[in-house]
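Below: one structure in structure tokens.
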Amino acid sequence: MEHNSTFPIKQNELDMLRDEATSYIKSIQWEQGQRAKNKDKDAKDESILLYLSRAKGNGNSEVTSVSKTILELKKRLLPESIAIPLHLNQTLYAVQEGITLGIWIKDSYYDASGLSSLSENRTALDSSGKREYESKMQTATAFMLFATAYKILHDLKTMASDDLSVMKNKFAGIPEVSLMTPLKGISCALFYYDKYLGHPEIIKSDKDVVDFTVVYFEALIAEIQMRKSSLEYTETIVDRTYKLEQSEFAVSGWDNVFQGAAKSVEFNKIQFEQIVGNRDAKHFARRLTERLLSYDFTAKKNPFQELGGFMPVFMGYGIPGTGKSMLIAAIATRLKEHCDQLDIPFLFHPMPDTLISTFQGGSAEKMVDWMKPLQDPSKLIFAPIDDAENNLQERTAQGVSAGVKEVIGVFLRYTEGAYAVNYGNSSIGLFTNLPEMLDKAVISRVQGRFKIDGARTEHDFLDQDHLWWRKLDDTMPNFVNMQGPENYSYLQDQGLAKNMGEILKVSDKPTEERVLEAYNKVEQQFKSNQHLFYANLYKEIQKIFPFFSSRDVRNIQSAVSLRLTDFDLEEDWFENPEIYFKKDYETKFHMLQELMRSNMKGLDFSEIRRQEVVRYLDNVATIADTDFKRKVDARVNQLKIDLEAREQFGN
């Protein structure tokens, strides 16, 4: 969604609200709801929730003070010192600043949504006015808590441990979240925050305070995200951005950039030369990195999009054990190295394994959260989906969960359709052993495809052994006392190809039987350098594979464009970024056009077109046939088992 207006949050306005914020930290009063008290019965950590739900005092209402708990923590964690430990201090400050900002956001919503005037005339409201008042109060509370939690995360996230899984396991959730009024909302949130802080099992060091605070306020945001669909009168929230003066911080609707996306995921560094075989895949991966790096941050577009050589969605497929995960790491390594060298921000953004959610709508929401960062024009983004058949499985297959359907729905919307934005700075890669199990609509979004087939030649297998045994050779020289090859120096074949032509064993005809039949039939009427040849070939293919559509034709067209832009960027461009990478968009575009022209000399368009059509159609047939063959094999296997069982039973 486009946020069309930005409003400043002024520091001097926040200064006026800070006293109110600190008064909440000093003392709030909260009466636990019955449900929260009973929640410990089915919770994963009974001791903690029992502890949370034990009310002190005689009355039902309980007073707690976050600042008092923090001082007690100081005594427990650093009994000898008079100073407040650094992390305690930073956390307390972040919570205070978060609440201050939340109050500002709430006041701003009061004015923008007309809640202020409803509050003033509250006694005179009729029943629909009362409903509107209550509804807006809930939205104001939710937005205030969201902004508070978001600001706290912004201030503490970088100080927290990278791995919060231990703390998340200790954390038993927030028993209740109140959205009745802003006062009740903040009181309820701070009440449970304070209860947790005082629990000796949860906080054992002052670093734990930061970690716990991040986990707690992430959970608060998640609760609000879950309920936001039931909130009304949110127009003045989603259509604007509030930006804090002299800071990077901004509240933009309900967007949460910390959700999985703010940080690049760690990956093992791997060079292409360490991957054996896979020439097609390595070549493709190299082209992808060069194309992404040509993105222009000022113009927010990529010259390769205009030339037709850019792939927002691509697919690598092959049998298990051929190096898919290594290839993902190698692409990420290459991009990261070049980005560091060119001083460009890079985001490695793999799809998490835990995307499919068991409750309705949960998967779609997680998928939107994963796809959102791909629309950020300020960095280069590589977003691999490993084992893509798990989350993007054919929707019509038996037993496919509702979650998978939600994920696919979001994927299709964001890769093409009203939501699809591609500046030419991000690329999604599907990696799968089972392309035939992927949803047809998902496959039709794929604009570049390559095979990941692992070691294929004598030299490939030699190199694979060499990579493994040389570790032993390094630690125990002369232990591997076997003779090396005579006319081959190790890894010589594992370099990168110059262009696709080198890799393609140019086959004149399709290899898949049904495609070949159609091809021969059309060839009797037309030559393959005539446009009519292809029009008729596609028509024949559609008779065999009804799902073959004009999108497939467009994918073939983009595969041909990829071949036409299949040239190396000059080496000195990388060594000296001023020559090309640092130039403005127009200059880059013209330089690429020149390169493309000189590369096209000696290329025959009709020949390239024929090769790519044959490659694509063979691929379509392989995927369709494998699916059918798998079903037949499973059935045959079952019959064999039945037969054997009968025989054994008869004996």
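Here is a yes/no grid of residues against (1) hydroxyl-bearing (Ser, Thr, Tyr); (2) within 29 Å of the chain's Cα centre (by Cα):
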position	(1), (2)
ALA559	no, yes
THR565	yes, yes
TYR585	yes, yes
MET600	no, no
VAL613	no, no
ARG630	no, no
PHE649	no, no
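For SER119, are the conditions met, namely being without any contact (Cβ under 8 Å) to a residue 24 or more places away in the chain, in the same structural domain as TYR216 (by TED's automatic domain parsing), assigned to a helix (DSSP H, G or I) and of a type in the set (S, T, N, Q)?
It is true that SER119 is without any contact (Cβ under 8 Å) to a residue 24 or more places away in the chain, in the same structural domain as TYR216 (by TED's automatic domain parsing), assigned to a helix (DSSP H, G or I) and of a type in the set (S, T, N, Q).
How many residues are assigned to a loop (DSSP other than H, G, I, E, B) and either buried (at least 22 other Cβ atoms within 10 Å of the Cβ) or touching a residue at least 40 places away in the same chain (Cβ under 8 Å) (or both) if we restrict to the stretch 138-161?
4
Any residue at all in the stretch 581-603 that's without any contact (Cβ under 8 Å) to a residue 12 or more places away in the chain and in contact with a Lys or Arg (Cβ under 9 Å, 6 or more places away or on another chain)?
Yes, the stretch 581-603 has at least one match.
Any residue in the stretch 414-436 that is of a type in the set (D, E, K, R) sitting within a Cβ distance under 8 Å of a residue that is modelled with pLDDT under 90 and crowded, with 20+ Cβ neighbours inside 10 Å? List the pairs, counting only those 6 or more apart or interchain.
From residues that are of a type in the set (D, E, K, R), the pairs are GLU416/ARG445.
How many residues are under 19 Å from PHE143 (Cα atoms) and part of a helix (DSSP H, G or I) if we restrict to the stretch 165-191?
Count: 10.
Enumerate the helices (runs of 4 or more DSSP H) found wholly within the stretch 463-560, keeping only those where 1 or more residues are modelled with pLDDT of 85 or more, among the aromatic types (Phe, Trp, Tyr) and not assigned by TED's automatic domain parsing to the domain that holds GLN447.
In the stretch 463-560, 513-523, 531-544 are the helices (runs of 4 or more DSSP H) which contain 1 or more residues that are modelled with pLDDT of 85 or more, among the aromatic types (Phe, Trp, Tyr) and not assigned by TED's automatic domain parsing to the domain that holds GLN447.
Return the residues of the stretch 240-256 that are of a type in the set (Phe, Trp, Tyr) and within 16 Å of SER108 (Cα to Cα); say none if nothing qualifies.
TYR242, TRP254 - these are the residues of the stretch 240-256 that are of a type in the set (Phe, Trp, Tyr) and within 16 Å of SER108 (Cα to Cα).
Can you name every residue in the stretch 136-194 that is of a type in the set (Ser, Thr, Tyr) and modelled with pLDDT under 90?
Passing the criteria: THR158, SER161, SER165.
Also, I was wondering about something else. Can you tell me which residues in the stretch 373-411 are in a helix (DSSP H, G or I), surrounded by 18 or more Cβ atoms within 10 Å (Cβ to Cβ) and either charged (D, E, K, R) or free of Cβ contacts under 8 Å to residues at least 60 places away in the same chain (or both)?
Passing the criteria: LEU374, GLY403, VAL404, GLU406, VAL407, ILE408, VAL410, PHE411.
Given the structure, is VAL215 more than 21 Å from TRP104 (Cβ to Cβ) and free of Cβ contacts under 8 Å to residues at least 60 places away in the same chain?
Taking the combined requirement at face value, the residue satisfies it.
What are the residues in the stretch 109-128 that are closer than 18 Å to SER5 by Cα and not polar (S, T, N, Q), if any?
TYR109, TYR110, ASP111, ALA112
The values are calculated or read from the model by the stated rules, or taken from the named source; none is laboratory data. Fair warning: this is a prediction, and the values are worked out from it, not measured in the lab. Glycine also receives a Cβ, built like all others from the backbone with ideal geometry; neighbour counts cover every protein chain displayed.
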